[in-house]
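Read the structure below first, then the notes.
Read the figures in this text as sums done on the coordinates, not as results from a lab. It should be emphasised that the depicted structure is a prediction, and the values quoted were computed from it without experimental measurement. Backbone-built Cβ (ideal geometry, glycine too); neighbour counts: all protein chains shown.
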Amino acid sequence: MRHEKAGRLLELARLLASTAEGLTLDEMAERLGVGRRTVERMRDAVREVFPQLEEVDDPPTRRFRIPAGLDGLFQAPTAEELAAVKAAAEMLAAQGAQARAGALRSLEQKVLAATRAAARRRLAPDLEALLQAETIAVNAGPRPFEDETVLSAVREGLKSMSRLRFRYEGGSTPGRVREVAPFGLLFGRANYLVAQEDAESGPRNWRLDRVHDVEVLAAPAAVPAGFSLQDYADESFGIYHDAVQDVVLAVTPEGAEDALRWRFHANQKVEAMSDGSVIVRFRASGMRELAWHLFTWGDKVRVVAPDLLRRTLLDELETARRAHASDSVAAET
């Protein structure tokens with residue numbers, strides 16, 4: 001058997017050992033990017049090597065899993081995997097996300113502690129070389145707030161599906177005590193709790209740096225049927241949620257190469273035109289954040305629609321012009 005085939009079988013075995021409920025044949029095929037007949041043969045080959053593979057009835061189909069996991073012999077990490085974990089931890093720490101950086105560092109330590117000594121010795125030279133040759137370029141921007149006490153309490157509410165009570169130093173009435181049903185967390189330039197305060201209002205974003213004295217309540221908090229945190233996040237260009245707009249951007253031929261590799265939005269459609277330009281279409285809210293981003297494209301992007309985005313961009317330009325054209329600014333210099 002060729003090495004790559006053995007590697008693919010081990011990849012499938014790891015997938016089956018990492019799931020509690022098991023995977024169907026179709027799910028295996030999707031994750032491995034192969035056809036159903038191929039994955040059936042792979043499953044049979046895995047069963048020969050790992051006889052503990054079990055089948056679980058889940059009408060109208062069946063699921064497969066390796067319930068006891070895999071022996072450490074098959075689980076030794078690579079230098080690339082460890083370097084990626086360390087780099088991710090450093091990137092989060094540089095952004096101010098100390099709680100998540102600490103979680104990754106703890107995971108790294110656990111992986112190394114579970115790795116056999118001989119494997120650690122083999123990994124050490126390659127890992128050191130990668131760590132010296134790779135680094136993270138930190139972009140300018142706000143450092144997201146992460147208080148481990150706040151995050152721990154919010155995550156406890158999410159896991160137990162319980163309502164949260166906290167004092168919120170934001171909004172129109174700073175200091176007011178709120179009770180909400182938590183739906184999830186959004187991490188980005190700023191970190192937010194997505195939660196609903198009452199049945200009449202929809203979900204809204206609560207800045208974590210303004211959340212204080214969090215208490216997990218005994219009252220249940222169910223996420224509405226059909227709600228998807230990813231879909232909710234995808235509605236906005238950034239963090240701010242307002243009316244969803246149909247956005248059309250025209251990118252000049254000079255910016256076309258960058259635009260074809262750029263992700264403006266999760267649901268974007270990009271069309272290359274015969275004159276070398278590019279048309280980008282997507283639906284999103286958050287026109288102010290989008291306007292801020294479009295400044296980075298200079299004269300390579302023109303707003304075709306909506307008018308709201310065009311007006312927002314012009315308003316932001318005018319605000320900046322007034323701030324920098326005043327006599328007081330000139331006098332200070």
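Overview of values
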item: All-pairs alpha carbon distance profile, the stretch 1-109, 5 Å steps from 0, percent; result: 2, 11, 18, 18, 14, 12, 12, 8, 4, 1
item: Cα long-axis angle, helix 98-114 against the chain (0 to 90 degrees, to the nearest 10); result: 10
item: Bins of 5 Å from zero: percent of alpha-carbon pairs in the stretch 76-133; result: 4, 20, 27, 24, 16, 7, 2, 0
item: Value in Å of the Kirkwood radius, where the stretch 148-227 supplies the Cα pairs that are averaged; result: 12.5
item: Highest-fluctuation residue, GLU55, GLU156, GLU254 considered, GNM on the chain with Cα pairs under 10 Å; result: GLU55
item: Antiparallel DSSP beta bridges within the chain, percent to nearest 5; result: 100
item: Taking all pairs of distinct alpha-carbon atoms in the stretch 228-272, Kirkwood radius in angstrom; result: 12.1
item: Among [x] 247; [y] 148; [z] 161, the entry that matches volume of the Cα convex hull per residue in Å³ as calculated here; result: [x]
item: Choice from LEU53, LEU249, LEU313 with maximal GNM fluctuation in the chain (Cα, 10 Å cutoff); result: LEU53
item: Calculated FRET efficiency for the pair LEU308/ALA103, C-beta based, R₀ 45 Å, to 0.05; result: 0.65
item: Rg/Rg_ref, the stretch 178-223, where Rg_ref = 2.2 N^0.38 Å and atoms are Cα; result: 1.14
item: Virtual spin-label span in nm between VAL56 and ALA219, 7 Å along Cα→Cβ; result: 3.5
item: Two-site FRET efficiency, GLN268 against ALA68, from Cβ-Cβ distance with R₀ of 56 Å, rounded to 0.05; result: 0.80
item: Mean ellipticity per residue at 222 nm, deg cm²/dmol - from DSSP H runs of n ≥ 4 across the chain, formula -39500 (n - 2.57); result: -14000 deg cm²/dmol
item: Inter-probe distance in nm under a simple model that places probes 7 Å from Cα toward Cβ, at GLU11 and GLU179; result: 5.0
item: Debye, to nearest 20: dipole size of the chain, +1 on Lys, Arg Cβ, -1 on Asp, Glu Cβ; result: 740
